[in-house]
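Beneath this line is the structure, given in structure tokens, with notes to follow.
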Amino acid sequence: MLDYDTVTAAFSGCEGVFHVASPVPIDRMVDKEREMMAPTVSGTMNVLKACSAMSVQKLIVVSSAAAVTLNPNWPQDKLKDENCWSDKQFCKENEIWYALAKTEAEEMALEYAEKSGLHVITFCPGAVFGPLLQSDVLNITTKFLRYIIKGGPDIINNKFWPIVDVRDVADALLLLYHKAGSSQRYICSEHQMDIKDLIDLIKSMYPNYGYADKLVNVDYKLAMSSDKLKNLGWQARTLEETLADSVESYEKSGILQDVDGQPCRVPYFYRMPPIQE
């Protein structure tokens, strides 16, 4: 994404672009600028400019719930909607570089749309679960759900999480491409619950796994509203269907099996200390 000429060549002849690519830290970052900020923010700018250069008609930028939810000034009793943005200073102070990068990139994309006339839509999904497309390289939410199911030595924060099925994300992206107006922002997350309640739900469906049992309660609510997306006609699967299809896909791929006697570990991203508000 940092090579403008490569991005531009890839867009040749395209009417629409879905910009999904973004780094997500599996391990602790050494160089936040090189590992996170540049690929996410500068990479998005390359996509925006390449779309203009190649006369692309529509661009959907996949942002994240992380660009919505980290706002300590939002009223506690009000669901976060598309008017809520993560506080960039708050993200810097707490070193939440993924959220900072996503927020800056999304703001930049919408500003670019207003100035250039490019048809840009931004899209903010929650944690994405669901069946695997492939199992050679696992994304971070798959690794986290695997850890929840298998258990291990790491302590995780019992956060309140927004969740969405990967297939419902795909449906939403196509819906937005065909129906959404320019410079619009959409949240996509139908199901929201504490990690402990999520574990209890999966355990009730598949009782024979070890499951994560080292949780620390934190006051960390990320509740969001997807009403704007639903008003376009979006419908989501039940959480039970998503979890069942996830577990069965994991079982079929073999990623729930023990490897060389090594314990399952939770990605560093989810071992971070709780945010101090």
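Remark: the stretch 74-213 is approximated by an ellipsoid whose semi-axes, taken from the C-alpha gyration tensor as √(5λ), come to 31, 19, 15 Å, largest first.
A simple spin-label model places the labels of ASN139 and LYS252 1.8 nm from each other, with each point 7 Å out along Cα-to-Cβ. Taking the convex hull of the alpha carbon positions in the stretch 126-208 and averaging its projected area over all directions gives 7.1 nm².
Relative protection proxy for 60-67, 193-200, from highest mean packing down: 60-67, 193-200 (other beta-carbon atoms within 10 angstrom).
Per residue, the solvent-accessible area of the stretch 145-241 (1.4 Å probe, heavy atoms of protein chains only, all protein chains present) comes to 45 Å². Across every pair of non-identical alpha carbons in the stretch 169-236, the mean reciprocal distance, once inverted, gives a Kirkwood radius of 14.8 Å. Listed cross-link partners LYS214/LYS252; LYS32/LYS115; LYS78/LYS230 are compared with a 23 Å cut-off, the Cα-Cα value being larger for LYS214/LYS252; LYS32/LYS115. Binning the alpha carbon pair distances of the stretch 1-143 at 5 angstrom intervals from zero yields the distribution 2, 9, 18, 20, 20, 16, 11, 4, 1, 0, expressed in whole percent. Amide H to amide H distances under 5 Å link VAL68 with SER86, where only residues 5 or more positions off or on other chains count and H is placed in the peptide plane. Along each principal axis, taking the top coordinate minus the bottom one, the Cα set of the chain gives 54, 41, 41 Å in descending order. Rounded to the nearest 5, the antiparallel percentage of DSSP beta bridges internal to the chain is 20%. Only aspartates and glutamates eight or more places from LYS49 in sequence, or on another chain, were considered; those with a Cα closer than 17 Å are ASP3, ASP5, GLU15, GLU104, GLU106, GLU107, GLU111, GLU114.
The values are calculated or read from the model by the stated rules, or taken from the named source; none is laboratory data. Since we're looking at a predicted model, the values are computed, not measured. Methodologically, a virtual Cβ is constructed for each residue, glycine included, from the backbone with ideal geometry; neighbour enumeration extends over all protein chains shown. Remember, those area values only see protein heavy atoms, side chains included, never the ligands or the DNA or RNA. Shrake-Rupley method; radii C 1.70, N 1.55, O 1.52, S 1.80 Å.
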